[in-house]
Amino acid sequence: MSRLVRSARDVAHWDDTADVVVVGLGAAGASVALEAAADGADVLVLERAAAGGGTSAMSGGVLYLGGGTALQTACGFEDSAEEMAKYLRASVGDAPDLAKIDLYCEHSVAHYDWLVAQGVPFKPVFYYGVSGEPPTDDGLVWSGSERAQPFCDLARPAPRGHVPAMEHQAGPMLMRSLIAAVERSPVRVAGDHRVVALVRESDDTIVGVIASHFGQERAIRARRGVVLTTGGFIMNDAMLAAHVPAALRCKFRVGAEGDDGSGIKLGIAAGAATRHLDKASISLPATQPWGLKRGVLVDARGQRFVNEDAYYGRLGEYALFHAGGRAWLIVDDAIFEKPEYPRRVAAVGETPTEVARELGLPPGALEATLALYNEHAARGVDPVFAKAAEYVTPLARAPFGAFDCTVDASIYAAFTLGGLHTDVDGRVLDPEGDTIPGLFAAGRATSGLSVGGYSSGLSLGDGTFFGRRAGRAATGNASSRSS
């Protein structure tokens, strides 16, 4: 038997007991705990740090919600669950979990209302001009590629980035609100408890955990279920090397220390299947401010590879996984402006040829790319990638420049998307698709809504939504409430 799974018969005594044991107190863990407690369960949350928060508290706090939430309506936008689902189905990567997408969209409005009921504040003001959290405390933003091709032709665009009322980075506000709700509830929280093993009965039911507390092991029994909400594995070099090695090249890893894959490994040791461990979100904020979307992003062959008006998560994924992390944003004097994120000017020249020579691009390649682009841009169109007309203008005024968007010199913000295979109620599944009795999971420890195409807010959105469902399922009341 793996050291990550212990036999119940080897547990001499239980140091504590609860109906539901939640492992990790980020946004997903808090949502699990709140919903399980609302169903009358005795809930114990074990957090490896001294207090909760985790990566959720370090995030921008954006939640991807839609379908016509009160915030969207207050800001003057119409949306529906059907249009939201169309966008997500098209944008979140290959082979997504369609059942999760449809359920999430159907109940997104009710989930927003639940977040508000927990005390999460949203200011009913729309902020235009960013692709994620705004510099203000405004509540609604564009946070994906809804207005860009090909998605704008597949689904009616609507802004769905719901941001708690805190300037610049709202993750701390989100977690303060959720933890305050936990503190108002009957939920018990034990900090400085790192779960090192699951406890399993002879019939394969998970019945508890072994936690390390200041060097001492404690056996904690779960009468109804254990829920893993431990985050992803962006901080685990060995797992990255095995599953998504390109992410190792990214200098900025979005995650807390606990995002080391510990919960995923616990689940695997108990017989769980995994999905999409080779997927990661890679954000390249090359077009902030948005005026820089008028530039063209080229690879080491001097060719464009994506429409520059797409969400910066799409830019990053294409730049790293399709262009090998070698990319430059070409601008001319007419559209040049200072980037919001520090970025080195890799080359300057009076002609595209001079810029290409300085970058080491193949002779004639950049010149041909710009000639084709400018020919059509003179008419306000982009027939190659269908960039929106407002960002299509000829690049013809010298001098020309190239912002360095290579993975070695620019911000590539990375976190993992794959994890344990779960059903819509957070039940952990084995390779045959059967449930592992007593074991549940939510958040980045699972494979959620996004499996290779990301929009800001999907992690916090699906972590809290499916965390709630996992909390109810762990109590045995999976269908007790609709959302």
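The values are calculated or read from the model by the stated rules, or taken from the named source; none is laboratory data. Predicted model only: the values in this text are computed from it and were never measured. Virtual Cβ from ideal backbone geometry, glycine too; neighbours counted across all protein chains shown.
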For this session: Return only the number of the condition from (1) at pLDDT 95 or above; (2) out of contact with any helix residue (DSSP H, G or I) (no Cβ under 7 Å at 6 or more places or on another chain); (3) assigned to a loop (DSSP other than H, G, I, E, B); (4) not aromatic (Phe, Trp, Tyr) that residue 265 does not satisfy.
Result: (3)
Exercise. Restricted to region 1-45, and to residues that are surrounded by fewer than 17 Cβ atoms within 10 Å (Cβ to Cβ) and basic (Lys, Arg), which residue is farthest from the chain's Cα centre (by Cα)?
Worked result: 9
Exercise. Which residue pairs have Cβ atoms under 6 Å apart, sit 6 or more places apart or on different chains, and have a first residue in region 1-15 that is closer than 15 Å to residue 267 by Cβ and a second that is in a loop (DSSP other than H, G, I, E, B)?
Worked result: 5/270
Exercise. Do we find a residue being without any contact (Cβ under 8 Å) to a residue 60 or more places away in the chain, under 20 Å from the mean Cα position of the chain (by Cα) and surrounded by 24 or more Cβ atoms within 10 Å (Cβ to Cβ) anywhere in region 86-106?
Worked result: yes
For this session: Check region 255-262 and report whether any residue there is under 23 Å from residue 43 (Cα atoms) and in a helix (DSSP H, G or I).
Result: yes
Exercise. Only one of 131, 56 is touching a helix residue (DSSP H, G or I) at 6+ places or on another chain (Cβ under 8 Å) and either at pLDDT below 95 or in a strand (DSSP E or B) (or both); which?
Worked result: 131
Exercise. Any idea which of 415, 385 is in a loop (DSSP other than H, G, I, E, B), of a type outside the set (A, V, I, L, M) and either closer than 30 Å to residue 249 by Cα or outside the structural domain of residue 264 (by TED's automatic domain parsing) (or both)?
Worked result: 385
Exercise. For region 400-410, does any single residue satisfy the condition of being in a strand (DSSP E or B), of a type in the set (D, E, K, R) and at negative phi?
Worked result: yes
Exercise. Going by the conditions given, is residue 444 assigned by TED's automatic domain parsing to the domain that holds residue 99, surrounded by 24 or more Cβ atoms within 10 Å (Cβ to Cβ), farther than 23 Å from residue 257 by Cα and within 20 Å of the chain's Cα centre (by Cα)?
Worked result: no
